[in-house]
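Student: Below you will find the structure I want to go over with you.
The values are calculated or read from the model by the stated rules, or taken from the named source; none is laboratory data. Predicted model only: the values in this text are computed from it and were never measured. We place every Cβ from the backbone using ideal geometry, glycine too, and count neighbours over all the protein chains shown.
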Amino acid sequence: MKIYFAGSITGGRDSAHVYPLLIDALQRHGTVLTEHVGDQALDGAGETVLDAEAIFTRDVDWVDEADVLIAEVTTPSLGVGYEIGRAEAKGKRILALFDRRAERKLSAMVRGNRGVTTVQYASASEAVSAIDAFLTEVSS
Ligand code: 6IA
């Protein structure tokens, strides 16, 4: 299974500490195309090797190639919102994970979207369990 992991970069790295744990869990189910999103050295300036157009083209191709998209949506991100919308338009299964301990409210465009499975977790292990349940269901 090819998995697109989406998480905030330019939107802010406030939730980035949890991304590697989620990526580890995803790697037990398949190939994660976007492991770099969890790179703790990546700051809000994003990748410096590629220009913005190259990043966009590559990421859109990967969304289209992926079987599923898993998005960590606690820190709001234009890029993650775009990727969710594109994955939905392409008929992909989508899981959105939101940390309900955060002092934020999740956008109705995710929360109210029946095309997105949303799980509001209260610990990293709850988020990992949600990933395991979702991907087991998707691949059955
Ligand atoms: O709007 P955001 O940057 O928070 O969007 C994050 C999402 O878009 C992630 O899920 C990535 O897949 C993708 N993305 C956005 N920017 C980048 C990036 N560098 N490098 C890799 N993936 C990205 C941004 C550099 C830019 C300032 C020129």
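Student: Which numbered condition in (1) away from the ligand (no atom under 12 Å from the Cβ); (2) over 24 Å from residue 14 (Cβ atoms); (3) not in a loop (DSSP other than H, G, I, E, B) is the only one that residue 60 fails?
Tutor: Every listed condition holds for residue 60 apart from (1).
Student: If you don't mind, another one. Is it the case that the range 95-115 has a residue that's touching a helix residue (DSSP H, G or I) at 6+ places or on another chain (Cβ under 9 Å), among the basic types (Lys, Arg) and over 22 Å from residue 17 (Cβ atoms)?
Tutor: Narrowing the range 95-115 to residues touching a helix residue (DSSP H, G or I) at 6+ places or on another chain (Cβ under 9 Å): 95-99, 105, 107, 109-110, 113, 115.
Filter once more, so that each one left must be among the basic types (Lys, Arg): 105.
When the remaining residues are screened for being over 22 Å from residue 17 (Cβ atoms), the result is none.
The answer is no; no qualifying residue exists.
Student: Right, here's the next one. Could you please find all residues in the range 119-140 being in contact (Cβ under 8 Å) with a residue 40 or more places away in the chain, under 16 Å from residue 74 (Cβ atoms) and surrounded by fewer than 19 Cβ atoms within 10 Å (Cβ to Cβ)?
Tutor: Hit for the range 119-140 is 124, nothing else.
Student: Could I ask something else about it? Can you go through 85, 91 and tell me which one is more than 9 Å from the ligand (Cβ to nearest atom), at positive phi and out of contact with any Gly (no Cβ under 7 Å at 6 or more places or on another chain)? Steps first, please.
Tutor: Numbers: 85 fails: at positive phi.
Every option except 91 fails the conditions.
Student: Could you list all residues from the range 1-57 that are near the ligand (Cβ under 9 Å from one of its atoms), of a type in the set (Gly, Ala, Ser) and in contact with a strand residue (DSSP E or B) (Cβ under 9 Å, 6 or more places away or on another chain)?
Tutor: 6, 7, 8
Student: Further question: For the range 70-104, give me the residue count where each residue is outside any helix (DSSP H, G or I) and not charged (D, E, K, R). Can you show your working first?
Tutor: Keep residues of the range 70-104 that are outside any helix (DSSP H, G or I), which gives 70-77, 90-104.
From what is left, the residues that are not charged (D, E, K, R) are 70-71, 73-77, 91, 94-98, 102.
Count: 14.
Student: Modelled with pLDDT of 95 or more and buried (at least 18 other Cβ atoms within 10 Å of the Cβ): which single residue out of 112, 79 fits that description? Talk me through it step by step, then tell me what you get.
Tutor: Details: 112 fails: buried (at least 18 other Cβ atoms within 10 Å of the Cβ).
Unique residue meeting the criteria: 79.
Student: Can you list residue pairs whose Cβ atoms sit under 8 Å apart, with the first residue in the range 84-101 being over 17 Å from residue 139 (Cα atoms) and the second being part of a strand (DSSP E or B) and aromatic (Phe, Trp, Tyr)? Count only pairs 6 or more apart in sequence or on different chains.
Tutor: Between residues of the range 84-101 that are over 17 Å from residue 139 (Cα atoms) and residues that are part of a strand (DSSP E or B) and aromatic (Phe, Trp, Tyr), the close pairs are 87/4; 97/121; 98/121; 99/121; 100/121.
Student: Among the listed residues 73, 68, which satisfies the condition of being of a type in the set (A, V, I, L, M, F, W, C), more than 13 Å from residue 115 (Cα to Cα), surrounded by 13 or more Cβ atoms within 10 Å (Cβ to Cβ) and touching a residue at least 24 places away in the same chain (Cβ under 8 Å)?
Tutor: Details: 68 fails: more than 13 Å from residue 115 (Cα to Cα).
After applying the criteria, what remains is 73.
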